[in-house]
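The values are calculated or read from the model by the stated rules, or taken from the named source; none is laboratory data. Treat the numbers as computed from the prediction; the structure is a model and nothing was measured. A quick note on method: Cβ atoms are made from the backbone with ideal geometry, for glycine too, and the neighbour counts reach across all protein chains shown. SASA here: full protein model, heavy atoms, side chains in, ligands and nucleic acids out. Shrake-Rupley method; radii C 1.70, N 1.55, O 1.52, S 1.80 Å.
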Amino acid sequence: MRSGGLVLGAILVFLVAVVSAGRAKKCKDGKVYGSFGQEYDAPKNPCKPCTCRNGRWKCVTIDCPKPNCDNPYKPPGKCCKECKPGCEIDGKKYNDGEDVPSDNKCEVCKCLKGTVECNPTGCPPLPSYCEKPYTPTGKCCPECKTGCDYSDTHYDEDGNVPSDNKCKTCKCIKGKVECYPVECPPLPSFCEKPYTPPGQCCPECKTGCDYNDKHYDEDGNVPSDNKCKTCKCIKGKVECYPIGCPPLPSYCEKPYTPPGQCCPECKTGCDYNDKHYDEDGNVPSDNKCKTCKCIKGKVECYPVECPPLPSYCEKPYTPPGQCCPECKTGCDYNDKHYDEDGNVPSDYKCKTCKCIKGKVKCHPIGCPPLPSYCEKPYKPPGQCCPECKTGCDYNDHHYDEDGNVPSDNKCKTCKCIKGKVECYPIGCPPLPSYCEKPYTPPGQCCPECKTGCDYNDKHYDEDGNVPSDNKCKTCKCIKGKVECYPIGCPPLPSYCEKPYTPPGQCCPECKTGCGYKDKEYAEDDSVPSENPCEVCKCVKGKVECAVIDCPELPPYCEKYTPPGKCCPECKTDSGCELNGKKYAEGEKVPTPNPCKICSCQFGKINCKDVKCKQCDAYKPPDKCCC
C-alpha cells in the first residue's frame with residue numbers, strides 16, 4: 001500500500017514538471033521555444049508589441065491618442081483609430097490641406113485630417129499712430145482713417161496744409177497738422193551783417209560795393225582810375241589787379257612798352273635794302289636761284305627747290321639762265337623729233353613703235369584672239385592678223401555665224417553655230433495644270449488645251465460668267481467646268497436681333513421701326529407716351545423713353561401743375577389787389593414813388609427801378625428823371 005502511494009506521488013511530480021515546462025517558454029532569434037524544445041510563433045498583437053530581452057518576452061500595451069476629427073476609423077492591421085483623409089461637405093470631397101469655401105468672407109477654411117477648420121482672415125497691422133481704428137461696412141479688417149481735418153477742410157496724409165503764418169509751413173502727419181519754420185537758404189561766408197527785410201521770413205546779405213558815389217553788383221566790374229589795372233567788386237570790396245598781357249615770342253630779345261600802352265611788345269619784321277618786311281614774309285633775293293624770308297627779325301635765304309628728274313635720265317643738264325637741271329626728252333628718228341611716250345611711224349605695218357626713255361622701240365601689233373571652235377585659221381593677203389572663216393554654206397546660200405537658217409520642217413528652227421547648221425524642235429508654251437486632254441490641231445506644231453465651258457447648248461469663255469438657273473447663285477466657267485456659289489449679301493447691323501428673308505429675295509434684311517399698341521412707327525419717329533413726363537422715340541427697333549426736363553420758373557410766381565401736364569406753370573389768371581382795387585394780369589399798378597414802375601405779374605405786384613440817363617438839367621420834385 002505504501003509502495004503504491006510512492007508511485008502515485010512520483011507521477012504527480014512528473015505531471016507538474018511537464019506543465020511547468022509547457023509554461024516556461026523562452027525566446028531566441030525572434031522565435032519562442034518550450035522547455036522540451038517545442039517551437040511557437042512570436043506574439044502578434046498590434047495593440048501589445050513585444051520584444052525579446054534576456055530570453056524572455058516583454059510586452060507593452062499601446063496608449064492610443066484621441067484623433068482630432070469627427071469620424072475617426074481603425075485601419076485593418078492597426079491598433080489605434082485614425083482620421084480619415086479628406087473632407088466631404090455637401091456631397092463634394094476635398095483633399096487634406098485643400099481650401100474649403102466658406103459662407104463667411106471674413107474667415108478662411110481648410111480640410112485638416114478629415115475636419116474642416118476655419119480661422120479669421122489675416123489683417124495687415126495698422127500704423128502705430130492710429131488712435132481710432134474702425135471697420136468699414138462690408139469689410140473684415142479694421143482701417144485707420146487718414147488725413148487731417150483743419151478749418152472745416154480735409155487734407156490728405158503727408159499733404160500740405162495752408163499756414164496762417166507765412167514764415168511756417170504745415171503738413172498733415174499721422175493725422176495731425178504739424179508746422180515748422182520755413183527753410184532759409186544759407187548766407188555766404190563773407191556776409192558780416194545779415195538783415196531781414198520787412199515782410200520777409202529769411203535774412204539776406206547786402207551785396208555789391210559802393211565806390212565813387214555809385215553802387216556796383218557783387219562780382220561785377222568796377223571802373224578803374226588806372227587803365228593798366230582791372231577792378232571788380234568781390235565780397236563787398238573793390239579789388240584791383242594788373243591787366244593780363246599776352247606772352248611774347250621766345251625769340252624776342254629786346255621787348256619794349258610803347259608809350260600810352262600797358263603791355264610790352266616785340267618789334268617784328270626785317271629791315272632790308274631800306275625797306276621793312278613783315279615777319280614770315282617773303283624778301284626779294286638778289287640771286288634768282290635763292291628764295292629769302294624774314295624769320296625772327298632776320299633775312300634768311302635758301303636755294304630754290306628743283307623738281308626731281310626721272311630715273312631713266314642718264315645725262316641731265318642745266319639750260320643757260322635757269323637754276324634747275326633738266327633731262328632732254330623725246331627721240332630723234334629719220335630726221336624728225338618725237339615726244340617722250342609718243343608714237344613713232346613704223347617702216348613695217350605689222351609693228352607699232354613708240355619713243356620710250358629717249359629710244360625708239362617697236363613691237364608686233366596685237367591681234368584679237370580667235371574663237372575656240374576655229375579649226376583652220378588663215379591670214380588674208382596684205383593683212384597682219386589671222387582670221388577664222390565664219391558662217392555656214394547651206395543649199396547654195398551663205399549664212400552668218402549665229403544667224404537663222406531656213407528649215408525644211410516648220411516644227412524645227414535652225415541656226416548657224418560654229419560653222420555648222422544645227423536644228424532643234426521649236427519651243428511650245430506650257431499648258432495649264434488643269435488641262436486633262438491636250439490635242440495638236442492639224443497643221444500646227446504645238447498641243448493646245450480646249451478652254452471654256454459648254455452649258456445649255458452654248459459655249460462660255462474661261463473665267464467668264466455663266467447664266468444661273470438660281471437667282472441666288474452666281475456661276476462662272478473655271479478650268480472648263482461651270483461652278484456656282486451663293487451671291488454675297490451685305491452685313492446686317494449689330495443691333496438686328498431677328499433678321500428675315502423677304503419672299504422672292506436672296507439676302508436677309510433687318511426689320512426696322514417699332515410696333516407699339518397695334519401701330520407701326522418708323523425708325524427715329526416719335527412714339528406717344530401715356531406718361532406726360534416722358535418723351536419716346538423708336539430707336540433700333542425698340543421704343544426708348546426719356547424724362548422731360550422742366551424749365552425753371554421765376555421765384556415770385558405762384559406755381560401749379562395743370563392736369564395732364566408734367567411741368568409746373570405760373571398762375572396768370574388770379575390778378576392782383578392793392579388798396580381794395582383789383583388789377584388784371586400784366587396791368588400797371590400806380591405807385592407814389594416816381595422812380596418805380598409796378599405791374600401785376602403772376603398774381604403778385606412786382607416793381608422795378610426806373611433807369612434814368614445822366615444829365616445836368618433841373619429835376620422836378622414829382623419826377624424821377626430830369
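Here are some notes:
- Accessible surface calculations at 1.4 Å, restricted to protein heavy atoms, place the chain at 78 Å² per residue.
- Exposure of His459 as accessible area (Å², to 10), given a probe of 1.4 Å and all protein chains: 100
- Calculated log₁₀ intensity ratio I(q)/I(0) where the Debye formula runs over C-alpha points of the range 205-283, q = 0.13, 0.18 Å⁻¹: -0.61, -0.81
- The Rg/Rh ratio for the chain, using Cα coordinates for both the radius of gyration and the Kirkwood hydrodynamic radius, is 1.26.
- Of Gln322, Cys228, Thr474, farthest towards positive along the dipole that unit charges on Lys, Arg, Asp, Glu beta carbons give the chain: Thr474
- When the range 244-390 is reduced to its Cα atoms, the Kirkwood hydrodynamic radius in Å: 22.8
- Farthest toward positive dipole pole in the chain [+1 Lys/Arg, -1 Asp/Glu at C-beta], among Cys484, Pro371, Pro562: Cys484
- Over all pairs of different C-alpha atoms, the range 405-546 has a mean inverse distance whose reciprocal, the Kirkwood radius, equals 22.4 Å.
- For the range 44-131: rounded, prolate or oblate by the Cα gyration tensor [a/c cutoff 1.5]: oblate
- Legend: residue pairs Lys581/Lys608; Lys229/Lys267; Lys559/Lys611; Lys476/Lys542, Cα-Cα distance threshold 32 Å; pairs beyond threshold, Lys476/Lys542.
- Cα pair distances exceeding 24 angstrom across the range 492-626, given as percent: 62
- Carbon and sulfur %, accessible surface of the chain computed with the full protein complex present, 1.4 Å: 51
- Cut-off 13 Å, label 7 Å out along Cα→Cβ of His154, residues of the range 96-138 by amide N: none
- Cα-centred dipole magnitude for the chain, charges only on beta-carbon of K, R (+1) and D, E (-1), debye, nearest 20: 3920
- Note on exposure: Glu88, Glu279, Glu552 ranked by accessible area (1.4 Å probe, complete protein assembly) read Glu552, Glu88, Glu279, with the most exposed listed first.
- Remark: the range 151-256 is approximated by an ellipsoid whose semi-axes, taken from the C-alpha gyration tensor as √(5λ), come to 54, 18, 9 Å, largest first.
- Assuming charge only on the beta carbon of Lys and Arg (+1) and of Asp and Glu (-1), the dipole of the range 351-450 about its Cα centre is about 940 debye to the nearest 20.
- Once the Cβ-Cβ distance of Lys361 and Cys323 is raised to the sixth power relative to R0 = 41 Å, the FRET efficiency obtained is 0.80.
- Spatially proximal aspartates and glutamates relative to Lys232 (Cα-Cα < 20 Å; intrachain offsets below 8 disregarded): Glu192, Asp210, Asp213, Asp217, Glu218, Asp219
- Rh by Kirkwood over Cα pairs, then Stokes-Einstein D for the range 296-359 at 0.890 mPa s and 25 °C, µm²/s: 165
- Assigned charges on the beta-carbon of Lys, Arg, Asp, Glu; the range 407-547 dipole about Cα centre (debye): 1080
- Under 5 Å between amide hydrogens, built in the peptide plane, is the criterion, and for Val100 it picks out Cys109, Lys110, Cys111 among residues at least 5 positions away or on other chains.
- Legend: residues Tyr211, Tyr521, Tyr73, Tyr583, sorted from most to least accessible area (1.4 Å probe; ligands, DNA and RNA excluded), read Tyr73, Tyr211, Tyr521, Tyr583.
- Cβ-based charge dipole, the chain, positive-most Cα from Pro425, Phe190, Pro65: Pro65
- Spatially, the range 279-322 and the range 471-486 are offset by 99 Å when compared through their Cα centroids.
- All alpha carbon pair distances within the range 381-427 were sorted into 10 Å bins beginning at 0; the resulting P(r) in whole percents reads 28, 41, 20, 8, 3.
- Sites Val60 and Thr146, calculated FRET efficiency, Cβ-Cβ separation with R0 56 Å, nearest 0.05: 0.30
- Remark: accessible surface ordering of Lys84, Lys596 (largest first) is Lys84, Lys596, probe radius 1.4 Å.
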